[in-house]
1. Within the range 170-190, how many residues are of a type in the set (Phe, Trp, Tyr) and under 15 Å from the mean Cα position of the chain (by Cα)?
2. Considering each of Leu118, Leu52, Leu47 in turn, give the residue that is out of contact with any His (no Cβ under 9 Å at 6 or more places or on another chain) and at pLDDT 85 or above.
3. Of everything in the range 187-202 that's in a helix (DSSP H, G or I) and surrounded by fewer than 17 Cβ atoms within 10 Å (Cβ to Cβ), which residue is modelled with the lowest pLDDT?
4. List the residue pairs whose Cβ atoms are under 7 Å apart, where the first residue sits in the range 183-198 and is of a type in the set (S, T, N, Q), the second is in a helix (DSSP H, G or I), and the two are 6 or more positions apart or on different chains.
5. Would you confirm, using the coordinates I've provided, whether Lys20 is among the basic types (Lys, Arg), over 25 Å from Leu187 (Cα atoms) and not in a strand (DSSP E or B)?
6. Would you be able to say whether some residue in the range 16-35 is touching a Lys or Arg at 6+ places or on another chain (Cβ under 7 Å), modelled with pLDDT under 90 and closer than 30 Å to Glu162 by Cβ?
7. Filtering the range 4-15 down to residues that are part of a loop (DSSP other than H, G, I, E, B) and closer than 20 Å to Leu52 by Cα, which residue is modelled with the highest pLDDT?
8. Might you check whether a residue that is modelled with pLDDT of 85 or more and among the basic types (Lys, Arg) occurs anywhere in the range 56-79?
Amino acid sequence: MRVYAYLRASTKEQDALRAKDTLSEFAKSLKVKISTWFIENESGAKLQRPELFRLLDTAEPGDAILIEQIDRITRLSEEDWRKLKSIILDNRIKVISLDLPTSHNFANIDDEFQRWVLSAVNSMMLDILAATARKDYTDRRRRQADGVLKAKDEGRYKGRPENVQLHKKIKSLLDVGKSYSEIQFLLGCSRHTISKVKNRKK
């Protein structure tokens, strides 16, 4: 079984690095080796995730996706979640998540019956957690929109502040010739952010 780590990049460098460290330690605790890291920059609420689908194309039956939180793959509309879950199940790819204890045994279980029982339990848990993640995302977006509207009404809305420290680090890495992919991996930022900093340099 090969294990592929899937990480949603954060706009905050420390969050992305913390997530990588957490997953690395998690893999060690399961006594498995991470074959490849796949780092995504798309929104968690969209199914258009090139890195996730590159992972699914790379993985073979019996391989596993290692994630820090189950909402990294489940925070989708019901229709999109069913599509993604179908792809995962049809390709017999396991999902091992730090916050889903019933998935941890997948890494070291050999008994066919136990594996089947765990698959059934995890399938049910994934559906429950997908619904929970979807509701949480919808609620937070609604509260955020309400807050923005209120701030606009009161003349206090200024938009999202620029991450000055992150932009400085991106500029430094661009100056020494680092590629977009290398910068994404090191800082956990999006290609759009890197491009914005690069264009500003011109």
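1. Within the range 170-190, the first condition is being of a type in the set (Phe, Trp, Tyr), and the residues that meet it are 180, 185.
Now drop any that are not under 15 Å from the mean Cα position of the chain (by Cα), which leaves 185.
The number of residues fulfilling the criteria is 1.
2. Working: Leu118 fails: at pLDDT 85 or above; Leu47 fails: at pLDDT 85 or above.
From the options Leu118, Leu52, Leu47, the qualifying one is Leu52.
3. First pass over the range 187-202, keeping only residues in a helix (DSSP H, G or I): 187, 191-201.
Okay, now just the ones that are also surrounded by fewer than 17 Cβ atoms within 10 Å (Cβ to Cβ), so 191-192, 195-196, 198-201.
Details: Arg191: 84, His192: 85, Ser195: 89, Lys196: 87, Lys198: 88, Asn199: 86, Arg200: 81, Lys201: 66.
Going through the qualifying residues, I end up with Lys201.
4. That search, which allows pairs on different chains as well, returns Gln184/Arg191; Thr193/Ile170.
5. Working: among the basic types (Lys, Arg): yes; over 25 Å from Leu187 (Cα atoms): no; not in a strand (DSSP E or B): yes.
Considered against the rule, which asks whether it is among the basic types (Lys, Arg), over 25 Å from Leu187 (Cα atoms) and not in a strand (DSSP E or B), Lys20 comes out as no.
6. Checked the range 16-35: no residue is touching a Lys or Arg at 6+ places or on another chain (Cβ under 7 Å), modelled with pLDDT under 90 and closer than 30 Å to Glu162 by Cβ.
7. Within the range 4-15, the subset part of a loop (DSSP other than H, G, I, E, B) is 9-12.
Right, trim to closer than 20 Å to Leu52 by Cα and you get 9-11.
On the way: Ala9: 68, Ser10: 55, Thr11: 55.
Checked the range 4-15; the qualifying residue modelled with the highest pLDDT is Ala9.
8. No: the range 56-79 contains no residue that is modelled with pLDDT of 85 or more and among the basic types (Lys, Arg).
The values are calculated or read from the model by the stated rules, or taken from the named source; none is laboratory data. Since the model is a prediction, treat every value here as computed from it, not as a measurement. Positions of Cβ are generated from backbone atoms using ideal geometry, with glycine treated the same way; all protein chains shown enter the neighbour counts.
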